[in-house]
Amino acid sequence: MGTLVALEGIDGSGKSTQASLLNDQLRDRGFDSVMFREPGDSVFGDKLRQQFRDGRTISAKEEARLFIEDRRIDVDENIRPALVAGKVVVMDRYYFSTMAYQGALGLNTYQLRKTNELFAPRPDLTLILDLPAETSAERIRAARGLPDSYEGTEYLRRVRELFLEFCESDVVAVDAEAEVGELNAKILRKVLAVVEGP
Ligand code: TYD
């Protein structure tokens, strides 16, 4: 079996940048590393992106269902085959995102975890790229030219709090306010400790 690493965090935490940097560095070091991102490109992922673009009209429960169905396909078609082939799999978001984002909409995080862990392999290491919701809102505004919304920042604050509640020995928060290179060095060190073993 390979090694499964997940990068998580609120919007604007820089996890997509960090996930692809990490994937490149693992490959440079000779690891057979692949990266997948969620939501993926299944019909369920398409429906979710359309919801985010055109405004949310579905319930939290339906939203969770779509993320989970999208993930089921990702696990079957991408994640599990890569792990069976002995690869390192880097995830740009995984099921902790459903627990935090849909949990912050009022769904039960424990139930969400159970539903996901019935089919989705548990990561060997999950890194939560942590930063305050206000910093995230500023970064999003700067990058996309979108105005700050009080509701949006409030929501991200709840998502962040939930992410932090999930921390345990194999779910670790790292300071995502750090500069890109510094954050990358920290992530790489933690991931190498897992893929290279003791
Ligand atoms: P993503 O494509 O990672 O957006 P970005 O690259 O801008 O961070 O994710 C899109 C949105 O989907 C993001 O706001 C987080 C949300 N999301 C959930 O609400 N639940 C989930 O299970 C996942 C995977 C993502």
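The values are calculated or read from the model by the stated rules, or taken from the named source; none is laboratory data. This is a predicted model, so every value here is computed, not measured. No Cβ is skipped: glycine too gets one built from the backbone with ideal geometry, and neighbour counts run over all protein chains shown. Ligands, DNA and RNA are excluded from the accessible area calculation, which covers all protein heavy atoms including side chains. Shrake-Rupley method; radii C 1.70, N 1.55, O 1.52, S 1.80 Å.
A compact table of results
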item: Low-density loop positions, chymotrypsin sites (Phe, Trp or Tyr not before Pro), region 154-197 - DSSP coil, at most 13 other Cβ in 10 Å; result: none
item: Shape parameters for region 92-182, alpha-carbon atoms, Rg then Dmax in Å; result: 14.1, 40
item: Longest site-free stretch - the chain; sites: trypsin sites (Lys or Arg not before Pro), DSSP loop, at most 16 other Cβ within 10 Å; result: 57-198
item: Karplus (6.51, -1.76, 1.60) ³J(HN,Hα), θ = phi - 60°, over region 74-86, in Hz, Gly and Pro reported as x; result: 4, 5, 5, 8, 10, 5, 5, x, 5, 5, 4, 7, x
item: Cβ-placed point charges (K, R +1; D, E -1), dipole of region 119-164 about Cα centre in debye, nearest 20; result: 140
item: Residues of the chain: accessible area per residue with a 1.4 Å probe, Å²; result: 50
item: Normalised per residue, the volume of the convex hull around the Cα set of the chain (Å³); result: 116
item: Order of exposure, largest accessible area first, which applies to D28, D54, D46, D130 with probe 1.4 Å; result: D28, D54, D46, D130
item: Solvent-accessible area, 1.4 Å probe, carbon plus sulfur percent, for the chain; result: 50
item: For region 7-22, 3J(HN,Hα) per residue [Karplus equation, 6.51 cos²θ - 1.76 cosθ + 1.60, θ = phi - 60°, Hz, x = Gly/Pro]; result: 9, 10, x, 6, 3, x, 7, x, 5, 5, 4, 5, 5, 6, 4, 4
